[in-house]
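First the structure, in the form of structure tokens, and then the observations on it.
The values are calculated or read from the model by the stated rules, or taken from the named source; none is laboratory data. Please read all numbers here as calculations on a predicted model, not as lab measurements. Neighbour counts are summed over all protein chains in view; Cβ atoms, including those assigned to glycine, are modelled from backbone coordinates with ideal geometry.
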Amino acid sequence: MSSRTVIRGGLVVTASDELHADVLIEDGRVAALAASGTPAAGAFAAERVIDATGKYVIPGGVDGHTHMEMPFGGTYAADTFETGTRAAAWGGTTTIVDFAIQGVGRSLREGLDAWHAKAEGNCAIDYGFHMIVSDVTGETLKEMDLLVEEGVTSFKQFMAYPGVFYSDDGQILRAMQRAAGNGGLIMMHAENGIAIDVLVEQALARGETDPRFHGEVRKALLEAEATHRAIRLAQVAGAPLYVVHVSATEAVAELTRARDEGLPVFGETCPQYLFLSTDNLAEPGFEGAKYVCSTPLRPEEHQAALWRGLRTNDLQVVSTDHCPFCFTGQKELGRGDFSKIPNGMPGVENRMDLLHQAVVDGHIGRRRWIEIACATPARMFGLYPKKGTIAPGADADIVVYDPHAEQVVSAETHHMNVDYSAYEGRRITGRVETVLSRGEPVVTEREYTGRKGHGVYTPRATCQYLN
Ligand SMILES: [Zn+2]
């Protein structure tokens with residue numbers, strides 16, 4: 001059955017263009033665009049017409065960093081693939097790339113299979129996987145080649161979390177050398193976890209147990225040092241590098257310096273680092289636990305460096321690192337010992353709106369909003385132009401966005417399976433109105449019309465941002 005939709009009269013915004021155009025969708029893909037009001041647009045015929053007059057028509061968001069139902073610290077991230085992808089859709093995100101995890105002593109294949117099993121048949125929107133490599137062995141390195149071939153083209157390593165996900169410099173170098181050969185992209189959690197663990201132990205011994213000490217021991221300098229080390233290891237290996245959740249001014253400076261040298265290094269930041277700070281971590285009555293994530297929130301003055309990095313393209317991507325833990329029963333595991341607070345924050349539903357607010361506030365331009373939230377993550381992770389833009393042939397993953405609507409963010413009204421919002425009470429201008437995933441309405445004028453199982457696994461090409 002052929003099904004056609006036309007979206008009429010909106011301002012189509014992509015990373016490269018803005019034009020008043022009608023968009024014709026056929027069989028789940030963008031078939032054509034034509035300037036609104038022209039005979040060409042008038043000739044678009046469809047069973048379903050969406051009036052986008054006065055609205056933006058933007059590509060669905062691509063969130064390249066989520067952790068649905070991830071095991072951490074003896075518990076699991078509270079969003080399943082079902083609830084997390086539904087919430088993503090509500091927030092205008094139509095693709096996530098989540099992280100499958102290799103257990104220590106296990107193969108990459110076992111980890112990947114386990115994540116496929118969690119996601120398959122449960123997602124409201126399309127998804128892909130990165131692979132967390134926590135045990136670099138000869139076998140693991142060979143498996144990396146196979147994964148790249150089947151569409152898992154990026155591998156995350158950790159310089160943090162000794163004894164859990166941690167890789168030493170030799171393991172990192174070996175994985176980078178392998179990636180240099182097979183086209184894979186190494187994603188790095190850049191914090192000096194060995195040094196941080198010493199500072200954690202010393203802080204706890206002094207009786208410094210409150211959530212705010214999480215931010216104090218995970219020092220900006222230790223993020224910068226690890227960022228520098230990762231950059232130089234990648235340089236030695238001849239591999240590109242993508243640094244996840246950059247939060248510190250000093251870490252941005254390392255990326256800027258390397259990029260000025262012409263190295264293929266990229267940086268991601270997240271809304272929590274752009275909009276929140278150590279002031280939140282210091283909220284009284286253990287409330288600060290809501291904001292415990294790693295890298296940690298920084299003092300507010302770091303935000304300016306992140307915004308600048310996003311404007312100058314020293315940072316290329318904003319993703320969420322969505323990894324929600326409920327305040328009650330999960331974050332509470334760390335009462336009396338901040339090191340036992342599960343690390344992670346909710347945000348998959350809030351990213352597109354918060355970044356639109358950044359447009360309203362003048363931090364970034366409208367096309368840059370789409371670039372950092374849709375187009376570049378799609379290119380970085382080999383999904384472009386299927387995802388991340390509105391062009392003939394692209395998947396019809398499209399959001400009708402009302403740039404004038406006012407909303408107040410709250411756990412009372414959000415759709416993430418978590419009992420608090422990190423942005424509770426924040427006023428935002430702009431709101432998602434309608435969301436299509438491959439032409440199917442997932443959200444229709446603020447009503448959920450999606451279904452679990454609509455979203456499919458999407459294998460990825462190698463990084464397209466290098467070309
Ligand atoms: Zn993460």
Exercise for the section: Could you tell me whether any residue of the range 397-416 is within 20 Å of GLY64 (Cβ to Cβ) and in a helix (DSSP H, G or I)? Expected result: no
Practice task
Filter the range 63-86 for residues that are crowded, with 24+ Cβ neighbours inside 10 Å, more than 16 Å from the ligand (Cβ to nearest atom) and among the β-branched types (Val, Ile, Thr) and give the result.
Solution key: THR85
Practice task
Under 7 Å between Cβ atoms, at least 6 apart or on separate chains: pull out the pairs that start in the range 29-47 with a residue that is over 14 Å from VAL12 (Cβ atoms) and end on any residue that is polar (S, T, N, Q) and assigned to a strand (DSSP E or B).
Solution key: ALA46/THR5
Handout entry: Qualifying residue in the range 307-321 (condition: polar (S, T, N, Q) and within 16 Å of the ligand (Cβ to nearest atom))
Key = yes
Handout entry: Neighbours by Cβ (under 9 Å, 6+ apart or cross-chain): first from the range 326-347, crowded, with 23+ Cβ neighbours inside 10 Å; second in a helix (DSSP H, G or I) and polar (S, T, N, Q)
Key = MET345/GLN272; GLY347/GLN272
Problem - Meets criteria (at pLDDT 95 or above, of a type in the set (Asp, Glu), away from the ligand (no atom under 16 Å from the Cβ) and in a helix (DSSP H, G or I)) for ASP210 - result: no
Practice task
For MET352, work out the one condition from (1) part of a loop (DSSP other than H, G, I, E, B); (2) surrounded by 23 or more Cβ atoms within 10 Å (Cβ to Cβ) it doesn't fulfil.
Solution key: (1)
Fill in the blank from the handout: Reported set for the range 427-458 where residues are at positive phi and surrounded by fewer than 20 Cβ atoms within 10 Å (Cβ to Cβ) is GLU445, ARG446, GLY453
Handout entry: Count - residues of the range 87-123 that are touching a His at 6+ places or on another chain (Cβ under 6 Å) and away from the ligand (no atom under 16 Å from the Cβ)
Key = 2
